[in-house]
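Computed from the coordinates by the stated procedures, all read-outs in this text should not be read as laboratory data. These numbers come from a predicted model, not from an experiment. Neighbour counts run over all protein chains shown; Cβ positions are idealised from the backbone, glycine included.
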Amino acid sequence: MKFASVSNDFFKLCSFDKELLENSNRRPYLIIVKLKYNGKRQDFAIPLRSNISSTTPREQYFPLPPRKSTSKGRKHGLHYIKMFPIRKEFLQKFHTDKDPYYQMLVKFIDKRKKQIITEAQEYLDKYESGYRFEYATDIHGIYLTLQEAFPAKEAAYVVESSKDEDKNL
């Protein structure tokens, strides 16, 4: 797991999904590598949100310590319903080393990474089984868009020859 920002190219490619959050000020995302979706291991980006409604069910987010921008009565957390599949081509560095809050957050998340991964996978499993939360991102639409933009390369067909055959050439 690591923090990263997501390039504007990704948001242009997936502009059909109106539930993707704005990319203003290079919003930080927690990148979880290799969650299972559609029978494959995929990388996912989970946004950090500083003003999650206090009525939001706990299964929709992982709570984090509040930040200065977290309004009274709101919550700060990793918002699972806004997560989406991502490819490394769209990731940009997000520097945490100069900000004391992010340094603390890295340690906080690292201590709880197993729980975060479990909860994120549970959310994906629910999504795959057909359950959709209101205001959730279109994970499958984004997945298909990325598959189309980056088709899997077929393995090259290699003909191996024996050393004896090579001598005859």
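Worth pointing out:
- Each peptide in 98-107, 115-124 gets a packing score, the mean of other Cβ atoms within 10 Å over its residues, and the list from highest to lowest is 115-124, 98-107.
- Checking [x] 25, 17, 15; [y] 22, 19, 17; [z] 37, 19, 16 against the coordinates, the calculated semi-axes √(5λ) of the Cα gyration tensor in Å falls under label [z].
- Each residue of the stretch 75-83 is assigned a 3J(HN,Hα), and the resulting list reads 10, 10, x, 8, 9, 4, 5, 9, 6 Hz, derived from the Karplus form 6.51 cos²θ - 1.76 cosθ + 1.60 (θ = phi - 60°), x at Gly and Pro.
- Other residues with beta-carbon under 11 Å from the beta-carbon of R132 carry, at +1 per Lys or Arg and -1 per Asp or Glu, a net charge of -3.
- Annotation for the stretch 1-90: chymotrypsin sites (Phe, Trp or Tyr not before Pro) lying in DSSP loop with at most 10 further Cβ atoms inside 10 Å of their Cβ are F16.
- Extension gain, F108 back to Q121 (0.36 nm per residue minus Cα-Cα distance, nm): 2.7 nm
- In order through the stretch 47-56: 3J(HN,Hα) via Karplus (6.51 cos²θ - 1.76 cosθ + 1.60), integer Hz, x for Gly, Pro: x, 7, 10, 9, 9, 6, 4, 5, 8, 5
- Hz values of 3J(HN,Hα) by residue in the stretch 118-125 - Karplus curve (6.51, -1.76, 1.60), Gly and Pro given as x: 4, 5, 5, 5, 4, 4, 4, 4
- The stretch 1-71: GluC sites (Glu not before Pro) in DSSP loop, at most 11 other beta carbons within 10 Å: E22
- Legend: distances between Cα atoms for K2/K107; K2/K111; K93/K114; K82/K111; K68/K93; pairs beyond 18 Å are K93/K114; K82/K111; K68/K93.
- Ranking N8, T55, G73 by how far each Cα lies toward the positive end of the dipole of the chain (charges on Cβ) leaves G73 at the top.
- Förster-model FRET efficiency, 41 Å R0, Y131 and Y101, C-beta, rounded to 0.05: 0.75
- C-alpha long axis of helix 139-149 to longest principal axis of the chain, angle in °: 40
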